[in-house]
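S.K.: Take this structure first; my questions come after.
The values are calculated or read from the model by the stated rules, or taken from the named source; none is laboratory data. In this text, all values refer to a predicted model and were calculated from it rather than measured experimentally. Neighbour counts run over all protein chains shown; Cβ positions are idealised from the backbone, glycine included. Surface accessibility is based on the protein's heavy atoms, side chains included, excluding ligands, DNA and RNA. Shrake-Rupley method; radii C 1.70, N 1.55, O 1.52, S 1.80 Å.
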Amino acid sequence: MPHRLLLLLAATLTAACSTPPRFGVALRVVDEAGAPLPDATADVGDTLYEAGADGLIHLRALDRPVLAVVRAPGRIAEPVPVGRDDAGPPVDVPLLDDKGGTRRVVHTAGDVMLGRRYLTPTTGAPLVVTGDGGASALDVVSDIAPAFAEADLRIVNLETVVGDFPAEAAYPKKRFLLQTPPEGLAALAGMATDIASLANNHQRDWLDLGVASTLDALDAEGLTRLGAGVDAAGAAAPARGTVDGFDVAVFAYTSVDGDYVNDQYPLDGATPPDALLPEEEWQWEARAWGAPAHGIADASRRIGGAWQAYADAEPLLDDTDRAAVWASLVSVYPEMQDWVARRGHGGANHWDTDRATAEIAAAADADLVIVELHMGFQFAAAPGVAVRAAAYAAIDAGADLVVAHHPHVLQGVEWYRGRLVAWSLGNFLFDQDFLSTFRSAFLRTVWEADGTLVQARIVPVFLDRYRPLPTTGSLARDTLRLLWEASLVEGSSERGVDLAVRTVAAAPAEGVRPASFRLVHDTAVLSEGLGTSSPLPLQVPAVGEVAIDAPLVRRRLSEAAPAGIEVGRSVFRVGSFEDEETDAVAGDTVGWAWESDDVRLTTRAAPNGVAALEFVRGPNDAERVSARTLARGLLVSHRLHADQEGVTPLDGAATWSLRLRAWLSGESDVAALRVAYYHFYDLDPTEDPESTFVREVEYPLHAAPGGWRDVSIDLAAADVAPSADGLVPNAVLLYVGLSPPRMRTTVLRVDDVELIEWRAATDEPEGWGAIDWLRATDGAPHTLAVDSLTW
């Protein structure tokens, strides 16, 4: 392999320059009462481990985190990810009684597709290739499959057309077209997936031919599907059947129907912009269309005017006339968007409250009723008002579990009238490129034969170069912390007139109860209620930061926020360089990329954990070497608002700082941090999103020889200020680099690299947050007792 291409920037797997020390983990397998289960076993890959009389299973000489599937007779098997943090005292693994085989386990996951960058990556070899019988798709899920398959029923949201259609046959002017080759379904089969929910905004990406192709491909694979059809009746059909005598009904709906896009098209009286781009001209051209027999006069209209005329007439049309008028409309304006099964064509199952609740209520005789909802706003921090209303209505109608998706990022979970709602489990198999889209999870629920929920558990997942991996250690705990924080936000996402989506504070609906998280072997068991809070004593120095060792703390720190203190939260959360994912590679990391073998992971005296990132440059080298975060993190100006227009934010202004630990041998002025600032714009649903480079700023690292040192650098106000043409930096890539020294070979090692968002504690709203750091701003030390929630 060429010297400079040992690793590609698109990859996260990295070669270690020294072998990480091996470690051992003891699993103490117990029943619900805590009594040991001496007949327990653990499957780790092809190796079977057996428990001793004390219920202990010893996993010795591990070189990486592993996934163990723990079993015992008469018990429900449990997937258990274990890593280096689990070395030491035995890890308790409680196994639930299977009640004579009558209890059932259900796994639900988020968004799935295997097209786009899986097939044509920006760099490196494709993860999925056609013509291999599905072998490459199976490999993509090989690490997650043993965990996800360990259930009686498994459900995913398949957000893609399945087939082989040319780009020119796709839905005209639709953004984000998703197509997966039929071989990609081998990934679902490899995870033992039972049901694919199709009620989403991508089933019609290749129009009715794409819908039919997807249905046929799933039928050929033997996968049950629901939520889409070649007509409205087929799309509305639920998945109803028995799982070893357990009667289950699954419903799937979406409200993401395309109408919002049509609403943004320019009307006939609108004035075109002065600088009209060529790709936008079609929206402003007038075309002749009408349906005089149905009250729409023949006229020359822009697409927005035609949509308005159709929308005004539609409520007065019966199904036959509605289909005929729509067919006439799209023959003239094929760019008109409609992604659901209505108006005489196929697509996804559209949410209509009256119809949906009646359908759900009619399945009341089932032992378990699950409702899948594809709703909300992409990348939003909280569920939207509409999806909240739909979920509550579904439960009122008889649903036992509601699982929502569409945001592509993790959102919270909560209880409504004793029933569990998961607002978004993020991406499970997807190729998006924000760090927030890499964190994922699947929901594991255990049910009695009569449909009573026994246990709900969150299993954290990380998409490493689009491969879903079970996680351990801080990587898993951070995912659970962020999900718990999102679960306690009292607010919903709403869109303002400027089209921006904001989290708007609101009191919980009647019947809503928060979820508490209890940490059990790097997963979280959910229960109703806030959980246990207690004071956490902390000493905040006059200069420097102090880390918080608690999953969540009160954002204001206590009932009365102390003056002179700022709270900080990490933006990236991938700077520890530890191996914490259960894949087949020992000594790798996630979230960072580099392309030179003069950048490597090292296990030489890391200040925290066992690994750090090392850079080497000599005087004869010609170029700088650097590593960067694999994807952009977001600079969030405000996280909570009193109104959807953003007039009244409920938190203070943010500042940011870079923080890391650094070790240097050689010349101290050749190491630097570099931040590339971008403006990401995704508010126009009629155009592709734009990511515009704003500026790049380099910050000298000031790492001095003599051991590991903490380095903290505040970002100047000018660095995060809008550009001369008004572009606001709201996304960043972070680089660490080492330039060639003048005289001496220089070695730089870094660890715990973070970008921290700071806000004054006095300006924080009430509630609980995943706060990582505190610092004083008044130049004085502080002694605090911070209110914290414990696992």
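S.K.: How much length is gained on full extension from A288 to D352, taking 0.36 nm per residue of separation minus their Cα-Cα distance?
M.R.: Extra length from A288 to D352 when fully extended: 19.8 nm.
S.K.: Determine the share of the chain's accessible area contributed by carbon and sulfur atoms, expressed in whole percent, with a 1.4 angstrom probe.
M.R.: 53
S.K.: Still on this structure, I have one more. Taking the simple approach of a point 7 Å from Cα along Cα-to-Cβ for both D450 and D259, what is their distance in nm?
M.R.: Output for this residue pair reads 4.1 nm.
S.K.: Using θ = phi - 60° and the Karplus relation 6.51 cos²θ - 1.76 cosθ + 1.60, list the HN-Hα couplings for segment 537-549 in order, rounded to whole Hz, with x at every Gly or Pro.
M.R.: x, 9, 10, 9, x, 5, 10, x, 10, 10, 7, 9, 9
S.K.: Same structure, new question: For segment 602-740, with every protein chain kept in place, what is the accessible area per residue (1.4 Å probe, Å²)?
M.R.: For segment 602-740, the solvent-accessible area averages 43 Å² per residue.
S.K.: Excluding A170 itself, calculate the net charge of residues whose Cβ lies under 15 Å from the Cβ of A170, where each Lys or Arg counts +1 and each Asp or Glu counts -1.
M.R.: -2
S.K.: Less than 16 Å from a label point 7 Å out along the Cα-to-Cβ axis of V585: which backbone N atoms in segment 98-141 qualify, by residue?
M.R.: 122-128, 139-141
S.K.: For segment 101-117, in order, what is each residue's ³J(HN,Hα) by Karplus, 6.51 cos²θ - 1.76 cosθ + 1.60 with θ = phi - 60°, in whole Hz (x at glycine and Pro)?
M.R.: 3J(HN,Hα) across segment 101-117, in whole Hz: x, 8, 7, 10, 10, 10, 10, 10, 10, x, 7, 10, 6, 9, x, 6, 5.
S.K.: So what is Rg over Rh here for the chain, counting just Cα atoms and using Kirkwood for Rh?
M.R.: Rg/Rh for the chain comes to 0.97.
S.K.: 5 Å is the cut-off here: which amide hydrogens, built 1.01 Å from N in the peptide plane, fall below it relative to V243, excluding neighbours closer than 5 in sequence?
M.R.: Residues meeting the criterion, in which the H sits 1.01 Å from N, are V248.
S.K.: Taking the Cα atoms of segment 218-262, what is the range of coordinates along each of the three principal axes, in descending order and whole Å?
M.R.: 46, 22, 16
S.K.: Using the per-residue mean of other Cβ atoms lying within 10 Å as a proxy for protection, in what order, highest first, do the peptides 764-770, 122-128, 93-99 fall?
M.R.: 764-770, 93-99, 122-128
S.K.: Along segment 778-784, what does the Karplus equation 6.51 cos²θ - 1.76 cosθ + 1.60 (θ = phi - 60°) give for ³J(HN,Hα), rounded to whole Hz, x for Gly and Pro?
M.R.: 9, x, 10, x, 9, 10, 10
S.K.: Around P272, with a cut-off of 12 angstrom between Cβ atoms, what is the net charge of the other residues, counting Lys and Arg +1 and Asp and Glu -1?
M.R.: -4
S.K.: Would you tally the net charge around D682, using a Cβ to Cβ cut-off of less than 12 Å, leaving D682 out, and scoring K and R as +1, D and E as -1?
M.R.: -3
S.K.: Sticking with this one: Taking every DSSP beta bridge that has both residues in the chain, what percent is antiparallel when rounded to the nearest 5?
M.R.: 80
S.K.: Evaluate the Kirkwood expression for the hydrodynamic radius of segment 546-587, namely the inverse of the mean inverse distance over all pairs of different C-alpha atoms, and round to one decimal in Å.
M.R.: About 13.7 Å, per the Kirkwood formula over Cα pairs.
S.K.: Starting with the highest mean, order 401-410, 371-380 by the number of other Cβ atoms within 10 Å, averaged over the residues of each peptide.
M.R.: Ranked by mean Cβ neighbours within 10 Å, highest first: 401-410, 371-380.
S.K.: What percent does the relative contact order of segment 519-631 come to when contacts are Cα pairs within less than 8 Å and at least six residues apart?
M.R.: Answer for segment 519-631 is 17 percent.
S.K.: Between H58 and A718, what is the label-point separation in nm under the 7 Å Cα-to-beta-carbon projection?
M.R.: With each label placed 7 Å out from Cα toward Cβ, I get 6.3 nm.
S.K.: If you average 1/r over all unlike Cα pairs in segment 597-699 and invert the result, what Kirkwood radius do you get in angstrom?
M.R.: Value: 17.9 Å, from the Cα pair sum.
S.K.: Run the paramagnetic zone check for M743: 7 angstrom along Cα to Cβ, then residues of segment 615-629 with backbone nitrogen under 20 Å.
M.R.: From segment 615-629, the list is 617-622.
S.K.: If you don't mind, there's one more thing I want to ask. Can you give the extra length, in nm with one decimal, that the chain gains between D208 and E645 once fully stretched, where that is 0.36 nm per residue apart less the Cα-Cα distance?
M.R.: Extra length from D208 to E645 when fully extended: 153.5 nm.
S.K.: Under a point spin-label approximation (7 Å from Cα along Cα-to-Cβ), what is the D710-D498 distance to one decimal in nm?
M.R.: In this crude spin-label approximation the distance works out to 3.6 nm.
S.K.: Starting from the residue with the highest accessible area, list W663, W773 in decreasing order, probe 1.4 Å.
M.R.: I get W663, W773, largest accessible area first.
S.K.: Could you tell me the distance between the Cα centroids of segment 329-367 and segment 104-120, to the nearest Å?
M.R.: 23
S.K.: So, one more: Nothing charged except the Cβ atoms of Lys and Arg (+1) and of Asp and Glu (-1): what's the magnitude of the dipole of the chain about its Cα centre? Round to the nearest 20 debye.
M.R.: Here the size comes out at about 1820 debye.
S.K.: In Å and whole numbers, how far do the C-alpha atoms of segment 10-163 stretch along each principal axis, longest first?
M.R.: 52, 47, 23
S.K.: At most 16 other Cβ atoms within 10 Å and a DSSP loop assignment: could you name the trypsin sites (Lys or Arg not before Pro) in segment 154-222 that fit?
M.R.: R175
S.K.: Enter the Cα centre distance for the pair segment 149-170 and segment 35-71, rounded to the nearest angstrom.
M.R.: With segment 149-170 and segment 35-71 each reduced to a Cα centre, they are spaced 35 Å.
S.K.: Would you kindly compute the Cα radius of gyration of segment 519-595 and its largest Cα-Cα separation (Dmax), both in Å?
M.R.: 17.3, 49
S.K.: Okay, moving on. Jot down the per residue volume, in cubic angstrom and as a whole number, of the convex hull over the alpha-carbon atoms of segment 129-219.
M.R.: In segment 129-219, the Cα hull volume divided by residue count equals 95 Å³.
S.K.: Continuing with the same structure: In nm², what is the average projected area of the convex hull enclosing the Cα atoms of segment 671-747?
M.R.: Reported value for the Cα convex hull: 7.3 nm².
S.K.: Looking at segment 408-454, which trypsin sites (Lys or Arg not before Pro) are in a loop (DSSP not H, G, I, E or B) and have at most 14 other Cβ atoms within 10 Å?
M.R.: R417
S.K.: What translational diffusion coefficient, in µm²/s and rounded to a whole number, does the Stokes-Einstein relation yield for segment 83-234 at 10 °C and a viscosity of 1.306 mPa s, taking the hydrodynamic radius as the Kirkwood radius over Cα pairs?
M.R.: Estimated via Stokes-Einstein, D reaches 93 µm²/s.
S.K.: Tell me, Kirkwood radius of segment 406-484 from alpha-carbon pair distances, in Å?
M.R.: Evaluated over segment 406-484, this radius sits at 13.3 Å.
S.K.: Another question, if that's okay. Can you give me the relative contact order of the chain as a percent, contacts being Cα pairs under 8 Å and 6 or more apart?
M.R.: The value is 14 percent.
S.K.: Then there's this: Just the C-alpha atoms of segment 79-128: what Rg/Rh do they give, with Rh taken as the Kirkwood radius?
M.R.: Checking Rg against Rh, the ratio lands at 1.21.
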